[in-house]
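For reference, the structure is listed below as structure tokens.
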Amino acid sequence: MQNHKRQSLLCPSCKKLISISEKKCPYCGTGNPAAWWKNTILTRGFNNPYLLVKWIIGVNIGIYVISLLLNPKGFGLALNPLTFLSPSGQILELLGATGKVPIDAFQRYWTLVSASYLHGGILHIFFNMAAFRQLGLLVSREYGVYRMFIIYTLGGAIGFFISYLAAVPWTIGASASVCSLAGALLYYGKSRGGIYGRTLYKQIGIWVIILFLFGIMVPVINNWGHGGGIAAGIGLGFVLGYQERKKENVFHRLLAGGCAIITILILGWAVAVGIYIRFLG
């Protein structure tokens, strides 16, 4: 009977076809590319920017659907497009809305992470996820997928912490995290220079200006969170570095893994508590 044991695989980092016996990828230099822990569902997601972006969007949509299903008065089917399919404030609070009130009154510091996955309506999540898909893939290309997820997670938390310091009472949405990606791209474009760097810096700069003007016209927008996210993204871009200057390393992988574990635990806890209080409490 013939042995059809696999002799080749796709490098988990660069996706080039290589021999399974390679100790180091000849294309990108990834060490021990055939290791089982580099080829699991989770690590494949981190090594594939398109898959990781889909995962994050999927989690956002999943939490949004849960927030609608937990609504005590049913779906918010208002004719106003800004409040159409809107979860109640009570449910958003249970699932981890952040701000001055949740943190000071209830010491819910973990909401600095959970709030990035909560949205107040269909348009809210649509525009945030559309912006995230575009910026997330761009940051993944220039920084790598691990650093993209680090910036998304920590940048959003820092942005919300700054809005907490500014005494914003309640806030939700992925926009602080999305703005941190924009901040990282601003740093990259300015630092890299050249035609591509200057063009990218200009394009992201225009996006930031439009966002700022929109925030002035719409009073419910958390401008502190947006500004804090942009500042956090610039700082994280500087500290973490980008691909052209520093390839992703073990530190980035471990930090991204830590961010993923913390996010999963916090969202799992928030959903479990929300379901318990809504139906059993």
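A short reminder: the numbers here are calculations on the coordinates, not readings from a lab. Only a predicted model underlies this, so the values are computations on that prediction, with no experimental measurement involved. Every residue, glycine as well, gets a Cβ built from its backbone with ideal geometry; the counts of neighbours run over all protein chains shown.
Of the residues C179, S191, Y146, the one whose Cα sits farthest towards the positive end of the charge dipole of segment 120-212 is S191 (charges of +1 on Lys and Arg Cβ, -1 on Asp and Glu Cβ, taken about the Cα centre). Around the Cα centre of the chain, unit charges on the Cβ atoms of Lys, Arg, Asp and Glu (plus for the first two, minus for the last two) sum to a dipole of about 1060 debye.
Dividing the convex hull volume of the alpha carbon atoms of segment 131-184 by its residue count gives 60 Å³ per residue. Considering only L95, H226, P33, and ranking their Cα positions along the charge dipole of the chain that arises from unit charges at the beta-carbon of Lys, Arg, Asp and Glu, the one farthest toward the positive end is P33. Put simply, the amide H of K24, placed in the peptide plane, has neighbours under 5 Å in N32, leaving out anything fewer than 5 places away on its chain. Given springs between every Cα pair under 10 Å in a Gaussian network model of the chain, which of A256, A157, A130 has the largest fluctuation? Of A256, A157, A130, the Gaussian network model singles out A130 as fluctuating most. If you look at the Cα atoms of segment 116-212, you get an Rg and a Dmax of 13.6, 43 Å. As a proxy for reagent exposure, ranking S116, S19 by other Cβ atoms within 10 Å from fewest up yields S19, S116.
Amide H to amide H distances under 5 Å link K16 with C11, where only residues 5 or more positions off or on other chains count and H is placed in the peptide plane. Calculated [222 nm] ellipticity per residue, helices only, for the chain: -21000 deg cm²/dmol; basis is -39500 (n - 2.57) per DSSP H run with n ≥ 4, divided by all residues, nearest 500. GNM on the chain, C-alpha springs below 10 Å: top fluctuator among A167, A270, A115? Evaluated over the chain, the most mobile residue of the options is A167. For the chain, the C-alpha radius of gyration divided by 2.2 N^0.38 Å, with N the number of residues, is 1.09. Cross-link check: pairs K54/K190; K190/K246; K54/K246 evaluated at a Cα-Cα cut-off of 24 Å; pairs beyond the cut-off: K54/K190; K54/K246. Using the Cβ-Cβ distance between Q243 and I277 with R0 set to 25 Å, the FRET efficiency from 1/(1 + (r/R0)^6) comes to roughly 0.05. Cα centroids of segment 206-263 and segment 153-199: 3 Å apart.
Rank M148, M217, M129 by mean-square fluctuation in a GNM of the chain with C-alpha springs under 10 angstrom and give only the top-ranked residue. Largest GNM mean-square fluctuation: M217.
Each of I20 and I61 was given a label point 7 Å from its Cα along the Cα-to-Cβ line. The distance between the two points is 3.5 nm.
Computed over segment 48-279, relative contact order equals 23 percent, with contacts defined as Cα pairs under 8 Å that lie 6+ residues apart.
Available extension along the chain between F251 and Y50 is 70.1 nm, counting 0.36 nm per residue and deducting the alpha carbon span.
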